[in-house]
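J.: Below you will find the structure I want to go over with you.
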Amino acid sequence: MVGINSIIKRSAGWLPAIGLAAGIGFALSGCTRPPEEDAQRIQFSIWGSVQQQQAEQQIIDAFEEEHPDIKVDLYIIGARYADQIQAMMVGNVAPDVFMVNLYNYYEWASRGVLEDLTEEYEALAEEAEFLHIPDRIVRWNDRIYSFPINAHGHVTFTNFDALEEAGIELPEEGLTWEFMEEIAPRLSRRHGNPDAPTDYLFQMPAANIIFWQHGVQFFDDLSQPTEVTINTPEAVEALKFIRRMYQSGYVVPEEVVADEGTYQLFRDGRVAFYFNGRWMTPEFDGRTDFEWDVRPMVTGPESGITQHGGTTLGVWSGSHRQEAARKFARFYASKKGATMDMHFQRNVPPYREAAYGDEYLSLRPPESMHHFSETMEEGASQFILYAPGVQEVARLFTARMQQALAQPSIPPEQIIRGMEEDFERWLQRMKERGIL
């Protein structure tokens, strides 16, 4: 989720009547459910790579060892994960337990398709303290409908060999966008410096981060929005900065990202910095020919706040195996499950003791593991919205940002007013539907 296009997400709305049969047909053909009478066999659905599937199976094996009366079938869904899960819910063949992306969580919680897990969550919290961000993301209307299993934020992956070759030392007080602009000519071969060690300085982070770091919020309340607050002088300045960076030639153009990838540019030594979370670590471990580490997100005029992701674990409200499903979900989300999961290089344990414990911090790479944990503290990171409709808000914002970059002659004030109008229409629709 790095770059303007990276925050475009497909709407989480239910499949329309037309074409629904095809969606359910896929679910019925692609999902082989165990017999109904086998009440102790449940299905667990995930997305992810082959390596992640292997990691999930190890957690399943550990659970089954403790609960030999329950068997867990791992079901992998590739493309269009949320759409397929939704079609399976409509067809009454959804997995008993499934991973839920933060873009879908609030929508599904509001529709009643996720079981209320508040009591189980409180029991887990009594055993070990959750960090602020994992705790926040799962709260909807003062209830818990999924367990947090990963919610850390973006940091700055840094090519230290490139910095050394360019004669650059990082400031002790941390990276700022002002510093980035200062060193950009020395790290941008494509901008005209043939001696630069990298093609570009970096690929731009998600544009909403820049707005937040200028002190801008889209709404007055991210959980229960009642008013749009984006139209401010600070928002205009944030947009001007983003435009200036793209026009400078120091950052990766969007067309290059579309053709040549995102993390691949950092992995191959073509950019000096890359913004993302620990989930990208396997893409770099043993695959680079330079020394790299992570630093906190670059700081803006008002703050260094970054964006976090979020994966939760939900239990389908239509499951006929509720007791077994809840046991597995609780095991997976427990401190024991989180400790197992953290060794697979993608997740940061949501528990304070584990996230700052020696076992996690000693994992390599990178060297500076604590920077991932720090993104889960209060005020260190946030999401676009903690409410139903977050995908639509992200889509509206992205569309206006694309307009801003494609049509630089449009005054930034006009772009921001357009965002405000888009958000106000969205908010009004949500109020009229009784969702917010």
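J.: For segment 235-252, how many residues are part of a helix (DSSP H, G or I) and under 25 Å from the mean Cα position of the chain (by Cα)?
T.: 8
J.: Within segment 363-411, which residues are more than 14 Å from I242 (Cα to Cα), of a type in the set (A, V, I, L, M), free of Cβ contacts under 8 Å to residues at least 60 places away in the same chain and part of a helix (DSSP H, G or I)?
T.: Across segment 363-411, the qualifying residues are L396, A399.
J.: Checking Y200 against (1) under 20 Å from P408 (Cβ atoms); (2) surrounded by fewer than 23 Cβ atoms within 10 Å (Cβ to Cβ): exactly one of these is not met. Which one?
T.: Single failed check for Y200: (2).
J.: May I ask you to list the residues in segment 376-386 that are more than 11 Å from I305 (Cα to Cα) and more than 15 Å from the chain's Cα centre (by Cα)?
T.: none
J.: Is there a residue being touching a strand residue (DSSP E or B) at 6+ places or on another chain (Cβ under 7 Å) and buried (at least 18 other Cβ atoms within 10 Å of the Cβ) anywhere in segment 357-370?
T.: There is at least one residue in segment 357-370 that is touching a strand residue (DSSP E or B) at 6+ places or on another chain (Cβ under 7 Å) and buried (at least 18 other Cβ atoms within 10 Å of the Cβ).
J.: Please verify whether Y121 is aromatic (F, W, Y), in the same structural domain as V315 (by TED's automatic domain parsing) and either crowded, with 23+ Cβ neighbours inside 10 Å or at pLDDT 95 or above (or both), treating the condition exactly as stated.
T.: Considered against the rule, which asks whether it is aromatic (F, W, Y), in the same structural domain as V315 (by TED's automatic domain parsing) and either crowded, with 23+ Cβ neighbours inside 10 Å or at pLDDT 95 or above (or both), Y121 comes out as yes.
J.: Residues in segment 295-306: is at least one within 30 Å of R425 (Cβ to Cβ), crowded, with 21+ Cβ neighbours inside 10 Å and of a type outside the set (V, I, T)?
T.: Scanning segment 295-306, I find at least one residue that is within 30 Å of R425 (Cβ to Cβ), crowded, with 21+ Cβ neighbours inside 10 Å and of a type outside the set (V, I, T), so the answer is yes.
J.: Go over the candidates V97, V93 one by one and state the one that is at pLDDT 95 or above and buried (at least 21 other Cβ atoms within 10 Å of the Cβ).
T.: Every option except V97 fails the conditions.
J.: Taking segment 214-225 as the search range and keeping residues that are in a loop (DSSP other than H, G, I, E, B) and in contact (Cβ under 8 Å) with a residue 60 or more places away in the chain, which one is farthest from R190 (Cα to Cα)?
T.: Per the criteria, the residue is Q224.
J.: Of the numbered conditions (1) outside the structural domain of Q58 (by TED's automatic domain parsing); (2) farther than 23 Å from Y121 by Cα, P388 fails exactly one; give the number of that condition.
T.: Among (1) outside the structural domain of Q58 (by TED's automatic domain parsing); (2) farther than 23 Å from Y121 by Cα, P388 violates only (2).
J.: Considering only segment 128-166, state which residues are within 16 Å of V271 (Cα to Cα) and either assigned to a loop (DSSP other than H, G, I, E, B) or not charged (D, E, K, R) (or both).
T.: Residues satisfying the conditions are V155, T156, F157, T158, N159, F160, A162, L163, A166.
J.: Would you mind telling me which numbered condition in (1) within 22 Å of the chain's Cα centre (by Cα); (2) within 29 Å of H154 (Cα to Cα); (3) crowded, with 16+ Cβ neighbours inside 10 Å G78 fails?
T.: Unmet for G78, out of (1) within 22 Å of the chain's Cα centre (by Cα); (2) within 29 Å of H154 (Cα to Cα); (3) crowded, with 16+ Cβ neighbours inside 10 Å: (3).
The values are calculated or read from the model by the stated rules, or taken from the named source; none is laboratory data. Just so it is clear, the model here is predicted, and its values are computed rather than measured. Note: ideal-geometry Cβ built from the backbone for every residue, glycine included; neighbour counts use all protein chains shown.
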